[in-house]
Amino acid sequence: MNTRNDALVLYGEAFTSRFLLGTALYPSPRVMQEAIAAAGCDMLTLGLRRQNPAGGDGDAFWQILRESGCRLLPNTAGCRSAREAITLAEMSRELFDTPWIKLEVIGDDYNLQPDPFGLLEAARELIDQGFKVLPYCTDDLVLCQRLHEAGCQALMPWGAPIGTGRGLMNRYALRTLRERLDVPLIIDAGLGAPSQAAEAMEMGFDGVLLNTAVARARRPAQMAGAFARAIEAGREAHRAGLMEQRQTASPSTPTLGQPFWHSKP
Amino acid sequence: MNTPSQRRIAVAGAGLLGRLLAWRLLRDGHAVTLYDAGALDTPPAAAWAAAGMVAPLAETVVSERCVYDMGRVALTRWPEWLAELEATELWHRRGSLVVAHPQDENELTQFRRDLDDALGAPPGYRELDAAGVRALEPGLTGFRHGLFLADEAHLDNRELLNRLLEAIHALGGDCHGHTPVETHPGEVTTPVGRRAFDLVIDCRGHGARPRHPTLRGVRGETLHVHTDEVHLSRPVRLMHPRYQLYVVPKPGGRFVIGATSIESEDRSPISLQSSLELASALYTLSPAFAEARILEQGVNLRPAFRDNLPHVSREDGLIGANGLFRHGYLLAPAVVDHVLAEIRDKGERPFAAVLSEAAPQESLA
């Protein structure tokens, strides 16, 4: 299987890695740098909301991220209305000289669930302004269709609420999204184990974004490597074509020579 | 018996490290000049904003094993030093308590697992049920489980900083507040000119950033409140999926609630978001905090290298000690021991494997 031709294409740009990594919650920047290297990712997300971005006060930390050579994907985490998110996106475009934005509009403070209404409103305006919007959304089909119609050329549905590590909570809805939408879909949020990331990739999702599961592991770099291999394995399995499950066991070797007392009635 | 020859030493930065070093060096018979860019009575230092916890177990969960090993030194060194300062009443070795609300109890499990993984057996904590939590802190009634970390302590840190300054004055230390300096080997530059010393020690924290390309400040916000309605005997950490906050009791019904950790060098006043988080954490510990009065909000920058560990640099005539991050009162004793051994230039330098190492990427940046 030629993996080199299997690029993730977002807004016409090709990325080699299907693993996107968040940059919060690590015990230290050094540990984060090791995790980024082990993940082999091309794209890093970063939050700006609480860093007084207008003053450039986060620059010491952003510099560490720039040194990684990865594409920086600023997010609007912590914004609770379309207006807040739009303002922060405009600021991040100035600061990082990029039209890319991972759009988050939070509807519920406790589980950080996206607000679908504010999200769609903000996505429409930012796309009008020329942003390349990657919206963090729920797995609701109609919301995802609307975001796509609004001009989002990639969507980031959740697997489960942020930071829960619960994996793919609603496989039916996620499968529906995959079947109905012909647009890159990146599972963002809620994954805790590499097996869950592999499953998402096997289902045909185009990428996975992780933060807590890596940053809060006892050894983040080791966990990043584990996820990287799982994401690659899941992707390869998807491309190779998974067999269908069957009702009964079917032996892969002939049973002709098997003594009759080994057969069950 | 050799007495150390008296040297003229400048200490730049009158935060915790600077005061401790100035005091110890004066006691060793050196002539010490202490400089700080801010006021000496209310220093704009991370040490003044801090809550003064000495928590080797809990801090190891969010850092590395060496933080525990260095932190153990603090548990013996602080009582010795406070005895010399005749200030033993500032030291409280009553352990600390870790709790989570019923809906967040997984956070407590995760914390316990991280502690086991970092430190191994025997565990340094005791698991508590609701009655156990109440037995330790009768004011806390809403918790079904908790962890008691007996080997932890806290300090009345502001009073300690005052006492250190008094001791420095009493020993003849030459102190200069509101005097920003630049440090060079064997020399400091003050606003009025250059002054030569046998040795310069730079412990200006975030203020030394021009000398350290990879040093950064990490914003921390705290609230100081007063109430007579709640009594706590020891620091309490509240585990929550997104913020882990602590409350530390201070003399006279005061409490310090901290601290946010934001990757920003913003020194502007506390945000509404942060004050809501801090205040609601406090309120959920005990609703009796509702009528507490907010005395002050604190904002400061924790000086940190890229591994969030302290490092001591050495060249002829200049020692730099920096990067204590969020572990000032926990790690200062080990760092001071190390710097003093470096100055005496004999015997083993404690924790050289960490402290003598160059900070990561510092030489490349």
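The values are calculated or read from the model by the stated rules, or taken from the named source; none is laboratory data. If you're wondering where the values come from, they're calculated on a predicted model, not measured in any experiment. Ideal geometry is used to build each Cβ from the backbone, glycine not excepted, and the neighbour counts take in all protein chains shown.
Could you go through segment B:85-107 and let me know if any residue there is aliphatic (A, V, I, L, M), surrounded by fewer than 18 Cβ atoms within 10 Å (Cβ to Cβ) and either touching a residue at least 12 places away in the same chain (Cβ under 8 Å) or under 30 Å from B:D41 (Cβ atoms) (or both).
There is at least one residue in segment B:85-107 that is aliphatic (A, V, I, L, M), surrounded by fewer than 18 Cβ atoms within 10 Å (Cβ to Cβ) and either touching a residue at least 12 places away in the same chain (Cβ under 8 Å) or under 30 Å from B:D41 (Cβ atoms) (or both).
Inclusion of B:G71 among residues that are touching a residue at least 12 places away in the same chain (Cβ under 8 Å) and closer than 28 Å to B:L108 by Cα is warranted. The number of residues in segment A:56-110 that are among the aliphatic types (A, V, I, L, M) and in contact with a Gly (Cβ under 9 Å, 6 or more places away or on another chain) comes to 8.
Do we find that B:L285 is hydrophobic (A, V, I, L, M, F, W, C) and away from chain A (no Cβ under 13 Å) in this structure? Don't jump to the end; show me each part of the working.
Numbers: hydrophobic (A, V, I, L, M, F, W, C): yes; away from chain A (no Cβ under 13 Å): yes.
Here the answer is yes, as B:L285 does meet what is asked.
Pairs are defined by a Cβ separation below 8 Å, a sequence spacing of at least 6 or placement on different chains, a first member in segment B:308-319 that is away from chain A (no Cβ under 14 Å), and a second member that is assigned to a strand (DSSP E or B) and of a type in the set (S, T, Y); the pairs so defined are B:L318/B:T183; B:I319/B:S313. Scoring B:L272 on the criteria (1) more than 20 Å from the chain's Cα centre (by Cα); (2) within 14 Å of another protein chain (Cβ to nearest Cβ); (3) touching a residue at least 40 places away in the same chain (Cβ under 8 Å) leaves a single failure, condition (3). Just one of (1) among the hydroxyl-bearing types (S, T, Y); (2) surrounded by 22 or more Cβ atoms within 10 Å (Cβ to Cβ); (3) under 15 Å from B:A12 (Cα atoms) fails for B:T189. It is (2). The single residue among B:N300, B:N308 that is in a strand (DSSP E or B) and not hydrophobic (A, V, I, L, M, F, W, C) turns out to be B:N300.
Only a single item in (1) under 16 Å from the mean Cα position of the chain (by Cα); (2) surrounded by fewer than 22 Cβ atoms within 10 Å (Cβ to Cβ) is not met by B:L160, and it is number (2). Scanning segment B:108-133 for residues that are away from chain A (no Cβ under 14 Å) and part of a helix (DSSP H, G or I), we see that the one that is surrounded by the fewest Cβ atoms within 10 Å (Cβ to Cβ) is B:A131. Pairing residues of segment A:159-177 that are within 14 Å of chain B (Cβ to nearest Cβ) with residues that are part of a helix (DSSP H, G or I) and surrounded by 15 or more Cβ atoms within 10 Å (Cβ to Cβ), at Cβ distances under 8 Å and at least 6 apart in sequence or on separate chains, gives A:I162/A:T212; A:G163/A:T212; A:G165/A:T212; A:G165/A:A213.
In segment A:109-120, is there at least one residue being touching a strand residue (DSSP E or B) at 6+ places or on another chain (Cβ under 6 Å), away from every other protein chain (no Cβ under 12 Å) and in contact (Cβ under 8 Å) with a residue 12 or more places away in the chain? Yes, segment A:109-120 has at least one match.
Remark: A:G69 matches the filter, which requires a residue to be more than 14 Å from chain B (Cβ to nearest Cβ), on the phi > 0 side of the Ramachandran plot, out of contact with any Asp or Glu (no Cβ under 8 Å at 6 or more places or on another chain) and not β-branched (V, I, T).
For segment A:119-138, the set of residues classified as surrounded by 22 or more Cβ atoms within 10 Å (Cβ to Cβ) and either at pLDDT below 95 or small (G, A, S) (or both) consists of A:A122, A:A123, listed by residue number. Of everything listed in (1) at pLDDT 95 or above; (2) farther than 14 Å from A:Q113 by Cα; (3) surrounded by 16 or more Cβ atoms within 10 Å (Cβ to Cβ), the single unmet condition for A:N170 is (1).
Mind checking whether some residue in segment B:54-66 is within 17 Å of the chain's Cα centre (by Cα), within 15 Å of B:R204 (Cα to Cα) and either in the same structural domain as B:D316 (by TED's automatic domain parsing) or not basic (K, R) (or both)? Checked segment B:54-66: no residue is within 17 Å of the chain's Cα centre (by Cα), within 15 Å of B:R204 (Cα to Cα) and either in the same structural domain as B:D316 (by TED's automatic domain parsing) or not basic (K, R) (or both).
Only a single criterion out of (1) within 14 Å of chain A (Cβ to nearest Cβ); (2) buried (at least 18 other Cβ atoms within 10 Å of the Cβ); (3) within 30 Å of B:G142 (Cα to Cα) is not satisfied by B:Y243, namely (2). If you go through segment A:24-55 and keep only what is facing chain B (nearest Cβ under 9 Å), over 20 Å from the mean Cα position of the chain (by Cα) and of a type in the set (G, A, S), you end up with A:S28, A:G55.
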